[in-house]
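J.: Dropping a structure here in structure tokens format, bear with me for questions.
What follows draws every value from the coordinates through simple rules; no lab data is involved. Bear in mind the structure is a predicted one, so any value in this text is a computation, not a measurement. Cβ placement follows ideal geometry from the backbone for every residue including glycine, while neighbour counts extend to all protein chains displayed.
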Amino acid sequence: MTITAVWSIASTADVNAGDGLSITEPGEVDDLIRRLAEPNAGPATIWHEGRELADSATGMLDHDVVAAVSGGFGYLSHFDADHDYAVLDGDPSSPGLSGEDAEFPAGSGVDPAVLAAALRDFLETGRRPKVVDWREVDW
């Protein structure tokens, strides 16, 4: 199985700066977590290469997964045809996080090791991770 992550990098020198990583092995998730924790890294859009497309003509995915690491907390959101939009049910003291196309409410941040476990589960199953607790969010 493979998951692919892409994210922007805040840069005054290059407004289109970004990075990406394809992961095929569970141990590679730790590298993604480290890279998302870098000071200028934005939230990553992540997709599972093994899932069916929602629309093969347009290439539209059937899921929306976003991860971020900030201030010592990991953040993850998930949405697909079987699940409404949800974020991790995290540490109540974690602050909210807003970024490009990502909005995580206060209390949705977790230890980065928990985020890593969730992403390993996603890599293995292609489904919403079951190793973490979720809470649905109405915006």
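J.: So between N16 and D31, what do we pick up on full extension, going 0.36 nm a residue minus the alpha carbon distance? Display every interim value, and only then the final one.
T.: Details: separation 15, 0.36 × 15 = 5.40 nm, distance 2.21 nm.
Using 0.36 nm per residue and subtracting the Cα-Cα distance, I get 3.2 nm.
J.: Taking the simple approach of a point 7 Å from Cα along Cα-to-Cβ for both D138 and H83, what is their distance in nm?
T.: 2.0 nm
J.: With the Cα gyration tensor of region 47-97 giving a ≥ b ≥ c as the square roots of its eigenvalues, does the rule (a/c under 1.5 for rounded; else a/b larger than b/c for prolate; else oblate) give rounded, prolate or oblate?
T.: Judged from the Cα gyration tensor, region 47-97 comes out prolate (a/c at least 1.5, a/b above b/c).
J.: Nearest 500 deg cm²/dmol is fine: what mean residue ellipticity at 222 nm does the chain get from its DSSP H runs of n ≥ 4 alone, each adding -39,500 (n - 2.57), divided by its residue count?
T.: Only helices count here, giving -5000 deg cm²/dmol.
J.: Please list log₁₀ I(q)/I(0) at q = 0.11 Å⁻¹ for region 57-139, using the Debye equation with identical point scatterers on the alpha-carbon positions.
T.: With one equal scatterer per Cα and no solvent, log10 I(q)/I(0) is -0.27.
J.: GluC sites (Glu not before Pro), restricted to region 1-76: which are DSSP loop and have at most 16 other Cβ atoms within 10 Å?
T.: E49, E52
J.: Place a point 7 Å from Cα of V131 in the direction of its Cβ. Which residues in region 15-39 have their backbone N less than 17 Å from it?
T.: Residues passing the 17 Å test: 23-34.
J.: Let me ask something else. Taking the chain as a Gaussian network, where each spring joins two C-alpha atoms under 10 Å apart, which residue of V15, V87, V110 fluctuates the most?
T.: Of V15, V87, V110, the most mobile in the Gaussian network model is V15.
J.: Classify the chain from the C-alpha gyration tensor, please: rounded if a/c falls under 1.5, else prolate or oblate depending on whether a/b exceeds b/c.
T.: It is rounded, given that a/c, with a ≥ b ≥ c, falls under 1.5.
J.: Counting other beta carbons within 10 Å of each Cβ, put L119, L53, L36 in order, fewest first. Could you put the intermediate results ahead of the total?
T.: Numbers: L119 28, L53 12, L36 23.
Ranked by crowding around the Cβ, least crowded first: L53, L36, L119.
J.: Let me ask something else about it. Using alpha carbons only, how many angstrom separate the centre of region 72-139 from the centre of region 17-37?
T.: So the separation of the two Cα centres works out to 16 Å.
J.: Below 8 Å, C-alpha to C-alpha, sequence gap of six or more: please give me the relative contact order for the chain in percent.
T.: About 20 percent, as a whole number.
J.: Next question. Roughly how many debye, to the nearest 20, is the charge dipole of region 3-136 about its Cα centre, given +1 on each Lys and Arg Cβ, -1 on each Asp and Glu Cβ, and no other charges?
T.: 220 debye
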